[in-house]
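As structure tokens, the structure follows; a few thoughts come after it.
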Amino acid sequence: IGSHLLGAFVAGMSFSQVSRSMFTWRRQMKRLNQWLIKLFFACSVAFTIPTKELLSFDAFIKGLILSIIAGIFGKVISGFAYYKQWNYKYIIGFAMVGRGEFAYLVAAKSMELGLILNELYAIIVWALLIAVIIAPIAFKYVLQKSFKHSIKSGVKWFTIKAEAKHHTGVHFEVVDVLHNLKLDILEAKVETDGDTDCSEFIVGVSGDDNLDKDKIHEILHDIREAVGDTNAQIQLLPIDEMDILPLLATIGNDQQLIETQTRINTRTNTASNVVTEPGNEQIEFNSNDKLSSNLSTSSIIDDIDNEYLLEIKLMASHSPKIFATLIEEMEINGIELARGHMEDFLNTDSLVIFGRFIRSHYDVNVRDIKSNLKNILKLNGVSAEILCKKI
């Protein structure tokens with residue numbers, strides 16, 4: 001047991017720090033893995049079970065007692081050791097009850113080596129089976145009871161913006177991640193300058209679920225794992241459900257449309273007021289430093305002569321002073337600020353800047369500008385991804 005099983009475990013650990021390893025394995029081996037698991041338990045465990053001894057009343061009763069004492073009670077009390085989160089003791093305990101896959105192999109190997117008799121092996125199998133059957137039922141009950149009175153954020157729909165180094169198929173990989181997270185995708189956009197990919201998704205959580213801190217961390221982690229870029233910048237922005245109604249009507253999602261209209265009619269607080277994370281600001285700015293509010297990105301370039309226009313999309317860790325520094329660098333490179341849009345949420349800044357080339361700098365290389373801007377960010381210790389292109 002120690003040789004091949006422990007070796008397989010160590011082999012998996014060796015890839016734990018390799019970028020995209022878990023994502024690639026799950027994506028490439030998903031279907032094959034499902035069949036291999038079935039064959040593994042059928043051939044290694046099920047074939048060895050002595051059915052005559054297993055179906056005896058004596059084996060069942062002893063297995064039931066062993067399951068209650070060792071398989072259930074013994075694991076449930078382990079949750080009491082986590083004193084920092086005392087309210088979650090039963091959740092942790094019952095989550096441990098179903099972890100018995102390896103025990104089947106140990107029992108089967110022990111019988112093969114003659115360490116235990118068929119009768120004892122049958123008792124152990126009953127104990128494990130009963131624990132595995134009870135575990136999901138009990139875990140669901142304690143999970144619902146523990147979070148029954150928890151305050152929900154009220155956020156059902158939100159925008160996910162992601163910028164990362166370009167690689168082929170990244171858009172489809174992020175879509176795959178969102179589907180695995182049980183998120184409904186209403187709209188998806190992607191653009192690239194050849195070096196950086198910029199993706200934007202309008203998504204919603206399924207059923208009665210809401211966007212909370214745990215869900216946010218899960219989304220951020222899985223998307224970063226998929227894009228495989230340590231400097232990738234990801235931002236989540238809550239959306240007012242009123243803005244989603246036309247989109248739901250367009251795609252013909254009648255069920256979601258009815259549910260959303262019902263929530264809007266019954267709610268008393270807006271979603272943006274419930275989210276406890278700091279920083280949810282939107283600012284529009286132009287060359288005259290006049291502020292306006294809530295303009296969509298698509299409308300930013302209205303009334304601007306875009307014959308020689310540069311679009312810059314930047315996502316970076318929050319840094320209030322970096323915008324002025326970037327504008328100065330743009331002016332040095334012969335680009336004057338036309339207009340832009342900035343959003344700050346969850347300690348991440350998302351900027352869309354439109355700059356007009358000064359006529360004496362029409363021949364400026366966009367890649368050189370991008371390189372200069374990235375150097376400025378690096379010198380200021382700001383982790384960021386940036387997309388630059390002429391429009």
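Determine, for each peptide in 216-223, 48-55, the mean count of other beta carbons within 10 angstrom over its residues, then list the peptides with the highest first. The partial results should precede the final answer.
On the way: 216-223: 16.4, 48-55: 14.4.
Going from most to least packed, we get 216-223, 48-55.
Apply the Karplus parameterisation 6.51 cos²θ - 1.76 cosθ + 1.60, with θ equal to phi minus 60°, to every residue of segment 337-345 and state each ³J(HN,Hα) to the nearest whole Hz, in sequence, with x for glycine and proline.
5, 9, 6, x, 9, 10, 10, 10, 7
From largest accessible area down, sort W157, W35; use a 1.4 Å probe on the protein chains.
W35, W157
At q = 0.19, 0.22 Å⁻¹, what is the log10 ratio I(q)/I(0) for segment 87-223, with the Debye formula run over Cα points and no solvent?
-1.06, -1.24
What's the Cα-based Rg to Rh of segment 324-391, Rh via Kirkwood?
My calculation of the ratio gives 0.96.
Once you have a ≥ b ≥ c as the square roots of the Cα gyration tensor eigenvalues for segment 1-71, tell me rounded if a/c is under 1.5, and otherwise prolate or oblate according to whether a/b is larger than b/c.
Details: a/c = 2.81, a/b = 2.20, b/c = 1.28.
The shape class here is prolate.
Listed here are the pairs K182/K389; K30/K140; K161/K182; K189/K374; K38/K145; K109/K140; which of them are more than 28 Å apart at the Cα? Intermediate values should be presented prior to the final figure.
Values: K182/K389 34 Å; K30/K140 25 Å; K161/K182 18 Å; K189/K374 24 Å; K38/K145 33 Å; K109/K140 32 Å.
K182/K389; K38/K145; K109/K140, as the Cα separations exceed 28 Å there.
The values are calculated or read from the model by the stated rules, or taken from the named source; none is laboratory data. Worth saying up front: this structure is predicted, and the values here are computed from it rather than measured. Please note: Cβ atoms are built from the backbone with ideal geometry, for glycine as well, and neighbour counts cover all protein chains shown. Heavy atoms of the whole protein, side chains included, go into the accessibility calculation; ligands, DNA and RNA do not. Shrake-Rupley method; radii C 1.70, N 1.55, O 1.52, S 1.80 Å.
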